[in-house]
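The values are calculated or read from the model by the stated rules, or taken from the named source; none is laboratory data. Remember, it's a predicted structure, so these values are computed and weren't measured experimentally. Note: areas computed on protein heavy atoms with side chains; ligands, DNA, RNA excluded. Shrake-Rupley method; radii C 1.70, N 1.55, O 1.52, S 1.80 Å.
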Amino acid sequence: MRTGEISAGVGETPLVKIKSLSKATGCEIFGKAEYLNPGGSVKDRTALGIILDAEKSGKISVGSTLVEGTAGNTGIGLATLAAQRGYSCLIVVPDNQSHEKYAVLKALGAELIMVPACPFSDQNHFYHTAGRLAAEKPNRFWANQFENLANYQAHYQTTGPEIWMQTLGKVDAFVAAVGTGGTISGVSRFLKEKNPSVHIRLADPFGSGLFTYLKTGAMKSTGTSITEGIGIMRLTANFKQARIDDAVQVTDQQMISMLYYLAQHEGLLVGTSAALNVFAAYRYAMENQNSDKTVVTILCDSALRYQSKVFDPEFLRQKGLSPEPNNFLL
Ligand code: PMP
């Protein structure tokens with residue numbers, strides 16, 4: 001058992017075998033259970049990495065205010081860690097995220113500023129708003145998860161090595177969606193250093209420009225997605241560190257079907273980006289059927305963080321989505 005501060009609970013998450021999909025494909029499909037982090041998501045690793053780096057370089061000390069623009073999870077990660085370390089949190093969020101995230105941020109004592117969801121070019125975007133607010137007072141520190149390389153370094157130092165050790169070096173492929181690029185960059189760099197032939201695949205929702213960027217060099221998007229925390233229309237400093245071999249797009253219906261499939265066949269309650277990741281990992285396994293390959297993806301957070309959306313039949317109906325889990329085994 002780990003003892004100590006709350007930060008001792010960040011990382012070292014189980015690697016869960018997705019048994020039915022592994023059996024159906026003749027591959028080993030694993031999900032890293034990041035929803036078990038103290039703040040409930042993979043972004044706890046980023047939050048801790050950024051805080052430790054800022055403490056080391058003297059950018060923050062007791063009494064500092066951590067400022068961040070976030071779809072929610074990084075803010076929750078920062079707020080979870082801030083309490084014990086003597087920091088306050090000022091968190092800027094777009095107004096189209098799940099209510100559960102806002103409620104958790106408030107419960108953790110973070111000051112919440114909600115801005116309209118808008119394109120990055122708009123100065124009201126949560127990213128620019130956070131930057132402006134951080135510059136207003138001297139004791140404020142902008143975590144800046146998109147450009148702060150402590151983000152991908154946290155994954156290079158923890159997530160990557162954990163996957164390597166948990167698969168006993170047998171990992172053949174790693175699949176992940178991108179929000180800041182921290183996860184895919186840190187993990188891909190680490191795994192490729194260990195074994196350059198590990199296949200790295202980006203899983204992109206519609207409404208994101210990265211799939212087309214990786215295929216054609218042009219950052220273009222079509223459609224939209226109900227997924228949260230993933231999909232971007234620009235190259236961030238963290239994403240630029242990634243070593244990616246291929247990219248696929250996943251529709252919201254494929255994602256929702258997988259979300260319900262995992263709940264009903266595996267007892268896994270995962271959030272929207274995690275369901276999208278598993279669908280893309282399953283697709284990779286189908287392409288490599290009966291090869292016994294080991295595929296790893298990230299279970300970024302829990303379905304419970306999105307209950308008011310993904311468990312609401314009316315919400316799904318309005319989005320034209322069906323909660324029927326496709327029977328992937330047939
Ligand atoms: N899934 C969820 C739910 C997230 O909040 C995020 C981060 N915004 C990601 C996936 C993507 O992770 P990363 O920022 O490391 O690319």
| field | Karplus-derived HN-Hα couplings along the stretch 53-67 (A = 6.51, B = -1.76, C = 1.60, θ = phi - 60°), whole Hz, x at Gly and Pro | value | 5, 5, 5, 4, 8, x, 6, 9, 8, 3, x, 5, 10, 8, 10
| Tensor-based shape of the stretch 43-142 (alpha-carbon gyration tensor, a/c under 1.5 rounded, otherwise prolate or oblate) | oblate
| task | Taking H placed 1.01 Å from N in the peptide plane, check which residues at least 5 places from Cys89 or on another chain put their amide H under 5 Å from its amide H. | result | Leu66, Glu111
| Taking H as built 1.01 Å from N, whose amide H comes closer than 5 Å to the amide H of Val115, not counting residues under 5 places away? | Val93, Asp95
| said: Ordering Arg45, Arg2, Arg305, Arg283 by accessible area with a probe of 1.4 Å, largest first, what comes out? | reply: Arg2, Arg283, Arg305, Arg45
| Among the listed pairs Lys137/Lys240; Lys59/Lys215; Lys59/Lys106, those beyond 32 Å (Cα-Cα) | Lys59/Lys215
| Taking Cα atoms, how many degrees apart are the long axis of helix 252-266 and the longest axis of the chain, rounded to 10 and kept between 0 and 90? | 80 degrees
| message | Ordering His155, His99 by accessible area with a probe of 1.4 Å, largest first, what comes out? | response | His99, His155
| task | Could you go through the stretch 15-31 in sequence order and give the Karplus-derived ³J(HN,Hα) for each residue, using 6.51 cos²θ - 1.76 cosθ + 1.60 with θ = phi - 60°, rounded to whole Hz, and x for Gly and Pro? | result | 9, 8, 7, 8, 5, 5, 6, 5, 5, 5, 9, x, 10, 10, 9, 10, x
| said: Show me, for the stretch 195-210, the HN-Hα J-couplings you get by feeding each phi into the Karplus relation (A = 6.51, B = -1.76, C = 1.60, θ = phi - 60°), rounded to Hz, glycine and proline as x. | reply: 8, x, 8, 4, 7, 10, 10, 8, 10, 10, x, 5, x, 9, x, 6
| Percent of alpha carbon pairs in the stretch 179-295 separated by more than 17 Å? | 58 percent
| So how long is each side of the chain along the principal axes, counting just the alpha-carbon atoms, biggest first, in Å? | 58, 45, 42
| message | To test your reading of the geometry: what angle, between 0 and 90 degrees and rounded to tens, separates the Cα axis of helix 126-136 from the longest principal axis of the chain? | response | 20 degrees
